[in-house]
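These notes concern the structure reproduced below.
The values are calculated or read from the model by the stated rules, or taken from the named source; none is laboratory data. These numbers come from a predicted model, not from an experiment. Here Cβ is always computed from backbone atoms with ideal geometry, including for glycine, and neighbour counts include all displayed protein chains. Each accessible area value is taken on the protein alone, full model and side chains, heavy atoms only, with ligands, DNA and RNA left out. Shrake-Rupley method; radii C 1.70, N 1.55, O 1.52, S 1.80 Å.
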Amino acid sequence: GGGAGGGLLRRGLVATDARGAVVTNVSAGHFGEYGIHSLDDIAAVKLVVAKALAPDGLLVLNADDPMLVAHAPAGRRTGWFALDLQDAATRGLPACGVREGRLVLATDEGEHDLGAVAAMPLSVGGAARYNIANIAAAALAAHALGIAPATIAGVLAGFGARNADNPGRLQRWTLGDVEVLLDYAHNPDGLQGLLDVAAGLRRGGRLALLLGHAG
């Protein structure tokens, strides 16, 4: 995300020998700062996290992002995630994505069914497509840490059901007949994702947006 990229630009990278590192996407941000002038520059900055990995650590990348596909480091153990499992698995294993409404983790040892995506609270009934991608990325990262697929599935089935689970990130309240969403969308892609979720929840009613931004 933008916060992570900004932190790398300002302070560099201090972690070493990590078991896993995730890059979810490359999007417009930080142009004009620290010599960043293009999406290629942003991709290079974000992929600096690969340098923190142990030799056998897993770099988790988004197969749906053309910039990450183009800039994926050669010779690095890589796991791929995508909204569609096939799109991820085509890049290689391990992979994670959706097949017939279920999240599937595919490894060299076989496939693991992690549950129905629409039943996972973070997916908001399947409407939060960017969160489905995030869930797939998190599943691969957990796999890299040696966490059992059954444990991953159990967490995904419940995490996000309470607003205290992930403060500031797609929190939901119902006040009478009004649905309220609170999110930290701070770049164009993030805001589009939030509006897509809101559009799916509005059921023909009005949509109001209150947007604040630093600076």
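Over the Cα atoms of region 123-187, compute the convex hull volume and normalise it per residue, giving Å³.
110 Å³
If you build a Gaussian network model of the chain, linking Cα atoms that sit under 10 Å apart, which residue out of Arg91, Arg162, Arg172 swings the most?
Among Arg91, Arg162, Arg172, the largest mean-square fluctuation in the Gaussian network model of the chain belongs to Arg162.
Among Leu58, Leu140, Leu175, which one moves the most in a GNM of the chain with springs linking Cα atoms closer than 10 Å?
Among Leu58, Leu140, Leu175, the largest mean-square fluctuation in the Gaussian network model of the chain belongs to Leu175.
Using Cα pairs closer than 8 Å and at least 6 residues apart in sequence, work out the relative contact order for region 89-179, in percent.
Result for region 89-179 is 21 percent.
Share of the chain's accessible area from carbon and sulfur, percent, 1.4 Å?
55 percent
May I ask which residue of Ala119, Phe81, Pro94 lies farthest towards the positive end of the charge dipole of region 79-133, with charges of +1 (Lys, Arg) and -1 (Asp, Glu) on Cβ and the Cα centre as origin?
Ala119
Give me the one-decimal nm value for the distance between modelled label points at Ala54 and Ser38, 7 Å along each residue's Cα-to-Cβ direction.
Label at Ala54, label at Ser38, 3.7 nm between them.
Rounded to two decimals, what ratio of Rg to Rh does the chain give with C-alpha atoms and a Kirkwood Rh?
Checking Rg against Rh, the ratio lands at 0.97.
Write down the accessible area per residue of region 64-212 in Å², having rolled a 1.4 Å probe over the full set of protein chains.
Per-residue value: 55 Å².
What are the semi-axes of the equivalent ellipsoid for region 69-189, taken as the square roots of 5 times the Cα gyration tensor eigenvalues, largest first, in whole Å?
Taking √(5λ) for each Cα gyration eigenvalue gives 28, 16, 13 Å.
Let me check against my output: what whole-number percent is the relative contact order of the chain, with C-alpha pairs under 8 Å and at least 6 apart?
Relative contact order, the chain: 14 percent.
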